[in-house]
Amino acid sequence: MKKWNLVIDVAECHNCNNCFLAVKDEYVGNDIPGYCASQPLHGHKWINILSRERGRAPMVDAAYVPTSCNHCDAAPCIEAGRGAVKKREDGIVLIDPEAAKGRRDLLGACPYGAIWWNEERSLPQAWPFDAHLLDRGWSAPRPVQSCPTGAMQALKISDAEMAQRARREGLQTLRPELGTRPRIYYRNLHRYTRLFAGGTVLGTRGGVVDCLAGARVELLKDGSTVAALDTDAFGDFKFDRLEPESGAYEVHVTHAGHRSAPVPFELRQESIVIGDILLQLT
Ligand code: SF4
Ligand code: SF4
């Protein structure tokens, strides 16, 4: 049985909001009988783009994570809905606009905050994956079709194939520890959930200071090397995917037999820009 999934590449999302607007265009003022009631003009973000900046000048990056109803396979909203929320055979979760009337409690049932309250209609609502369009033969929901960077991809494949793909491509879901089994997967989610430690290696020779390309940089934890890389053409290095609150590290730099003093730092909730590390070459 083939089911719908969404794969979103955080590294390719530029926060243009086309996906958000496509959903507005599709649902604001449009009742879709059998699927959902219209979205109110203001207040709802059925596609909600989260953002995070990491680092500080001159080493900064930004990550954008479009979120929505995850169409979970073990959805707490279905259990809480007592018939008001249903999962279709193709994996899509729909909140029944008739049966869910007045069920404000369903907002609290979704651990992702993906359900919005429609005050005028007295209805809990979430993005229904454009199920009405897919049922008419569309090959992908509108947010996917409106994405100019290809950051979103809709896949209708078997669960076994999706699990294999997730393993092979390192795809992640949001808050897997909840056991809700979301059908929305992310590539490069570490840019939002993990931290980096970076800096620049400079070499000084004959009183001249310059960026040092190709210097070996090692990252040590508890005295052991956990990662190593070479500086780029600008002398920059960046260790990514580090765990928040992972504590004390050291950076060691070597180049052509020269070695820097160890540079200690601590990782808490923010990425670390170590700054310049100067290597005396002569
Ligand atoms: S994301 Fe929330 S609303 Fe959507 S299926 Fe999961 S629990 Fe239900
Ligand atoms: S349309 Fe694509 S690039 Fe634009 S915000 Fe949505 S996912 Fe990101």
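Read-outs throughout are calculated quantities, based only on the coordinates presented, and are distinct from any laboratory measurement. Keep in mind that what you see is a predicted model, and the values were worked out from it rather than measured. We place every Cβ from the backbone using ideal geometry, glycine too, and count neighbours over all the protein chains shown.
What number do you get for the chain when its Cα radius of gyration is normalised by 2.2 N^0.38 Å, N = residues?
Working: Rg = 23.7 Å, N = 282, 2.2 N^0.38 = 18.8 Å.
Compactness ratio reported: 1.26.
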Which whole-Hz couplings ³J(HN,Hα) result when phi for each residue of segment 88-103 is put into the Karplus expression 6.51 cos²θ - 1.76 cosθ + 1.60, θ = phi - 60°, listed in order with x for Gly and Pro?
7, 5, 8, x, 6, 9, 10, 8, 5, x, 8, 5, 8, 4, x, 8
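In a shell of Cβ-Cβ distance under 15 Å around D210, excluding D210 itself, what net charge do Lys and Arg (+1) and Asp and Glu (-1) give?
With Lys, Arg at +1 and Asp, Glu at -1, the neighbours total -2.
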Determine ³J(HN,Hα), in whole Hz, for all residues of segment 251-267 in sequence, where each value follows from phi through the Karplus function 6.51 cos²θ - 1.76 cosθ + 1.60 and θ = phi - 60°; x replaces Gly and Pro.
10, 10, 10, 10, 7, 6, x, 9, 9, 8, 5, x, 10, x, 7, 10, 9
For segment 3-192, the charge dipole (Cβ of Lys, Arg +1; Cβ of Asp, Glu -1; about the Cα centre) points to a positive end, and the Cα of L94, S51, W138 closest to that extreme belongs to S51
Straight-line reach check, K2, cutoff 29 Å on alpha carbons, 8 or more apart in-chain or any other chain, hits among lysines -> K24, K45, K86, K87, K156
Please list, ordered by chain and number, the residues whose modelled amide H lies under 5 Å from the amide H of I157; skip anything fewer than 5 residues away on the same chain.
K3, N5
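Dipole size in debye (nearest 20) for the chain around its Cα centre, Lys and Arg Cβ +1, Asp and Glu Cβ -1?
The dipole magnitude comes to about 500 debye.
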The long-range amide H neighbours of N48, using H built 1.01 Å from N in the peptide plane and a cut-off of under 5 Å, are T67, S68
Magnitude of the charge dipole, segment 40-186, Cβ model with Lys/Arg +1 and Asp/Glu -1, debye to 20:
200 debye
Taking amide H positions as placed in the peptide plane 1.01 Å from N, state which residues far from I277 in sequence (5 or more) or on other chains have amide H under 5 Å from it.
T200, V201, L202
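How big is Rg to Rh over segment 50-190, alpha-carbon atoms, Rh as the Kirkwood inverse-mean-distance radius? Display every interim value, and only then the final one.
Values: Rg = 16.6 Å, Rh = 16.7 Å.
Result: Rg/Rh = 0.99.
Can you pull the percent of Cα pairs in segment 170-237 with separation above 14 Å?
Details: 1622 of 2278 pairs.
Tail of the P(r) past 14 Å holds 71 percent of the pairs.
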